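What follows is a single structure, written as structure tokens, with notes after it.
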Amino acid sequence: IMYDNLFNEFKWGNMNDPKVYIDENNARMMTNIRNNFNRLSSALVQEGKKDSALTVIRKCLELVPPSVVPYEYFSLEMINTLYLTGAREEASKVGEEAYNSFTAMLAYLMSLPASFQVSGDVNEEIQRNFFYLQKLERTCRSMGDTELSARIGKTMEEYIKRYPGQ
């Protein structure tokens, strides 16, 4: 039922059109859409329907591309499911894109004065990106993507050394 609803019944509009402005509230709501697609994909993997699960993830990436809504927690769950479908190269590619997104954000945040880095909102964003990198590293390691896992681990160590909030 969920597969039919997501692929045939729902009208998705233009949320993946880069010309359409997505405000912060809508972007947060779109992460819920990612979550729903991943829940369906994960259930399909458990049922042994890995091809269908892969189709679901690809549809999600088409409808809610990271160029419109940056990678976040539900993206990491989706990367894990992507590995489980057996599409290792694709999972590694998406994992690499997420890694680049998180490290770019950390690079920006760590370029701010130390007094900003330890302030509430900035510190929270730094912590969130550390968490995302840690979760991505664990996923890659558990799925046997040792090269990406090692690179993420090394990057995290470098940023942690520079982080004034420790």
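The values are calculated or read from the model by the stated rules, or taken from the named source; none is laboratory data. All figures in this text were calculated on a predicted structure; none of them were measured in a lab. Cβ sites come from the backbone with ideal geometry, for glycine too, and all protein chains shown count toward neighbours. Just the protein is used for accessible areas: all its heavy atoms, side chains included, with ligands, DNA and RNA removed. Shrake-Rupley method; radii C 1.70, N 1.55, O 1.52, S 1.80 Å.
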| note | A 1.4 Å probe over the protein heavy atoms gives the stretch 8-166 a carbon and sulfur accessible-area percentage of 50
| task | Would you look at the GNM of the chain, springs on alpha carbons closer than 10 Å, and say which of N16, N80, N38 moves the most? | result | N16
| field | Heavy-atom surface of the chain, accessible at 1.4 Å and reported per residue (Å²) | value | 56
| field | Virtual spin-label span in nm between K154 and F10, 7 Å along Cα→Cβ | value | 3.9
| task | Considering only I79, I22, I57, give the residue with the highest GNM mean-square fluctuation for the chain, with springs between Cα atoms whenever their separation is below 10 Å. | result | I22
| task | Using only Cα atoms, tell me the angle between helix 120-142 and the longest principal axis of the chain; keep it within 0 to 90° and round to the nearest 10. | result | 60
| said: To make sure I understand the rule: partners must be lysines, Cα under 18 Å from the Cα of K49, and not fewer than 8 residues away in the same chain. Which ones qualify? | reply: K59
| query | Hey, which aspartates and glutamates would be in cross-link range of K93, C-alpha to C-alpha under 20 Å, not counting anything within fewer than 8 residues on its own chain? | reply | D51, E62, E72, E77, E137, D145, E147
| Any idea what angle helix 146-162 forms with the longest principal axis of the chain, computed on alpha-carbon atoms, 0 to 90 degrees, nearest 10? | 40
| remark: Judged on accessible area alone, 1.4 Å probe, highest first, Y108, Y99 line up as Y108, Y99
| Helix 50-63 axis, angle to the chain major axis (alpha carbon atoms, nearest 10°) | 60
| said: How big is the dipole moment of the chain about its Cα centre under a simple scheme where the beta carbon of each Lys and Arg is +1, that of each Asp and Glu is -1, and everything else is neutral? Debye, nearest 20, please. | reply: 240
